[in-house]
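Below is one structure, written out as structure tokens; comments come after it.
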Amino acid sequence: MKCKKCNSRAIANLKQYKIALCEKCYPKFYESLVKRSIKKYGILRKDERILTAVSGGKDSVALAKVLKNLGYEIEMLYIDLGIREYSKRCKNVVEELSETIDVDLNVLKLSDFGFTIDDVEMRKVCSACGTAKRYLMNKFARENKFDIIATGHTSEDLTSFAIKNIVGGNFGWIEKLKPRIESFDEKIIPKARPLFERKEKENMLYVLTLKLPFSTESCPNAPINDWKEIVYEIERRKIGFNQNFVRGLINAKKLAKLDVKYCKICGEVTTSDMCAFCKLVKRYSKN
Ligand SMILES: [Zn+2]
Ligand SMILES: [Zn+2]
């Protein structure tokens, strides 16, 4: 199998795009796909200062590198959640990444708030982790004058999340599944998902061909995501399913209007009197 662009030995045959590519041509092809999504859906603007959330996994590593290569002004944020040795190993990876791709890295530690994810009861761990990440990311971005937060969510992430919620009869989330979410309050920083049309495999191939450092370890607390497995299976049978699905979500109309309040403790945006993060601090913090 030869590379369609340069005739060298191909390392990947991308059936969905009907193209085989070599190690050198694949990264350029991947970057052109991301560039096209950003332009077509207005995901980012060239004058925006972007904060990229990085976990050390292939998707966020691919995101930081592709935005850098496309000429965006970015910095990275790593949130150390204090999950045993796992958080430390991921931090080492993102520190190495920062050097490799020459992008500044900011690190926040949940332990500075008097607790870590290891203090939270097992059945509440994943929701506490999500709350802490969203809260700290938004606050850090705002206080440091970033215009937008970019995350490495893939088409499989968005599709599996959507299907899970449809099955659960929960439709209030539709607005959250778009490639760019504008702010509904001055305290909220807009969010961008430049990789929303990408597959995990495409991100993986990008970090491998560029030999970027990344972690293959998954969070020790994460349950097996059955919905993800189902989505992989549908994609195996119907190539392009995920992309079509996430593109379709863009046209979904807003269903519920959020009732904005401010937390009585910290002043961040919430839907009740005290925000979910302050509830965590109140319950677990030793400070
Ligand atoms: Zn080539
Ligand atoms: Zn609060």
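Where a number appears in this text, it was derived from the coordinates with a stated rule and is not lab data. Since we're looking at a predicted model, the values are computed, not measured. All Cβ positions, even for glycine, are placed from backbone atoms using ideal geometry, and neighbour counts span all protein chains on display.
The length gained on full extension between residue 31 and residue 244, counted as 0.36 nm times the residue separation minus their Cα-Cα distance, comes to 74.7 nm.
With a Förster radius of 41 Å applied to the beta-carbon distance between residue 144 and residue 16, the computed FRET efficiency rounds to 0.60. For the peptides 230-241, 73-84, the ranking by mean Cβ contacts within 10 Å, running from highest to lowest, is 73-84, 230-241.
Near residue 106, the amide H atoms lying under 5 Å from its own belong to 76, 77, 78; only residues 5 or more places off or on other chains count, and H is placed 1.01 Å from N. Quick check: Cα centre of the range 9-73 to Cα centre of the range 142-204, how many Å? Using only Cα atoms to place each centre, the spacing works out to 17 Å.
In deg cm²/dmol and to the nearest 500, what is the mean residue ellipticity at 222 nm of the chain if only DSSP H runs of at least 4 residues count, each as -39500 (n - 2.57), divided by the residue total? The per-residue figure over the chain is -13000 deg cm²/dmol. Only alpha carbons enter this Debye calculation for the chain, each as an equal point scatterer, and the log10 of I(q)/I(0) it gives at q = 0.13, 0.16 Å⁻¹ is -0.97, -1.51.
Each of residue 185 and residue 124 was given a label point 7 Å from its Cα along the Cα-to-Cβ line. The distance between the two points is 2.2 nm. With no solvent and one equal point scatterer placed on each C-alpha of the range 127-203, evaluate the Debye formula and give log10 I(q)/I(0) for q = 0.16, 0.21 Å⁻¹, two decimals. With no solvent term, the Cα-only Debye profile gives -0.68, -1.09. Long hydrophobic helices in the chain: the complete DSSP H runs spanning 24 Å or more by Cα along their own axis with mean Kyte-Doolittle hydropathy of at least -1.0 are 125-143.
Out of all DSSP beta bridges with both ends in the chain, state the antiparallel percent to the nearest 5. Don't skip to the answer; put the middle values down first.
On the way: 8 of 23 bridges.
Close to 35 percent.
For the range 65-220, the Kirkwood radius over C-alpha pairs fed into Stokes-Einstein at 37 °C and 0.692 mPa s yields D = 191 µm² per second. A cut-off of 5 Å between modelled amide H atoms, ignoring neighbours fewer than 5 places along the same chain, links residue 285 with no other residue.
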